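The values are calculated or read from the model by the stated rules, or taken from the named source; none is laboratory data. Quick caveat: nothing in here was measured; it's all calculated off a predicted structure. Backbone-built Cβ (ideal geometry, glycine too); neighbour counts: all protein chains shown.
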Amino acid sequence: MKIYTRTGDTGQTSLLGGARVPKHHLRIESYGTVDELNSHVGLLRDHLGQFPELQQELTHIQEILFTLGSHLAAEPGKPNVWLPDLDSAEVDFLERRMDEMNAVLPEMKNFVLPGGHPTVSVCHIARCVCRRAERLCVHLSEESEVNALIVIYLNRLSDYLFVLSRKLSFDLGADEKPWKPRG
């Protein structure tokens, strides 16, 4: 399989289904940002050598992100394009994991400043990219067909990444600095 096709040299690309769109199209921005998120989750996974179960969990999340990307890359209304299944059980999984992590964390009384440990910082960056992906997908859904589960999953994933950042701060003994508004 060749990586280069030369079909995108004029600023156009193809959706799954064959439609040609500009590379700056909102659909391309949406799945491109999900791809960027996937890379940040991979970087986070690479930082977690001492947590193999969490590495497996993040690998699974990366697989789900590829599924979301494939749905976003598909031309709306093309019935004969095969897409992997999206399942609401994945949202349930994220919610269950957040509940499990929150059960051992101290109560949060303030917003926290991102940082405290390089691994925690990578997690916060992934969370921010996830929120951007969610915003883009919401915007796309106002203009075109988008599976509602994509937006729900991205919303929960950003929450999960926040809770995970707190859990990693806790497990790594990092200093979680509260935000103290001035004035």
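One residue is enough: does segment 27-49 have a residue meeting the conditions over 15 Å from Ser144 (Cβ atoms), at pLDDT below 95 and not in a helix (DSSP H, G or I)?
yes
Find the residue count for segment 137-183, including only residues that are of a type in the set (Ser, Thr, Tyr) and touching a Pro at 6+ places or on another chain (Cβ under 7 Å). Talk me through it step by step, then tell me what you get.
Start the filter on segment 137-183 by keeping residues that are of a type in the set (Ser, Thr, Tyr), which leaves 141, 144, 153, 158, 160, 165, 169.
Now drop any that are not touching a Pro at 6+ places or on another chain (Cβ under 7 Å), which leaves 144.
Here the count works out to 1.
How many of the residues making up segment 133-148 are assigned to a helix (DSSP H, G or I), in contact (Cβ under 8 Å) with a residue 12 or more places away in the chain and surrounded by fewer than 16 Cβ atoms within 10 Å (Cβ to Cβ)?
Of the residues in that region, 3 qualify.
Among (1) farther than 20 Å from Leu48 by Cβ; (2) part of a loop (DSSP other than H, G, I, E, B); (3) small (Gly, Ala, Ser), which single condition is Gly69 missing?
It is condition (2) that Gly69 fails.
Residues in segment 124-143: is at least one more than 26 Å from Pro84 (Cβ to Cβ) and among the polar types (S, T, N, Q)?
No.
Go through segment 160-183 and count every residue that is of a type in the set (Asp, Glu) and either surrounded by fewer than 16 Cβ atoms within 10 Å (Cβ to Cβ) or assigned to a loop (DSSP other than H, G, I, E, B) (or both).
2
What is the one condition in (1) of a type outside the set (Lys, Arg); (2) assigned to a helix (DSSP H, G or I); (3) out of contact with any Phe, Trp or Tyr (no Cβ under 6 Å at 6 or more places or on another chain) that Met108 does not satisfy?
(2)
Pick from segment 67-122 the residues that are surrounded by 13 or more Cβ atoms within 10 Å (Cβ to Cβ) and basic (Lys, Arg): which of them is modelled with the highest pLDDT?
Filtering first and then ranking leaves Arg97.
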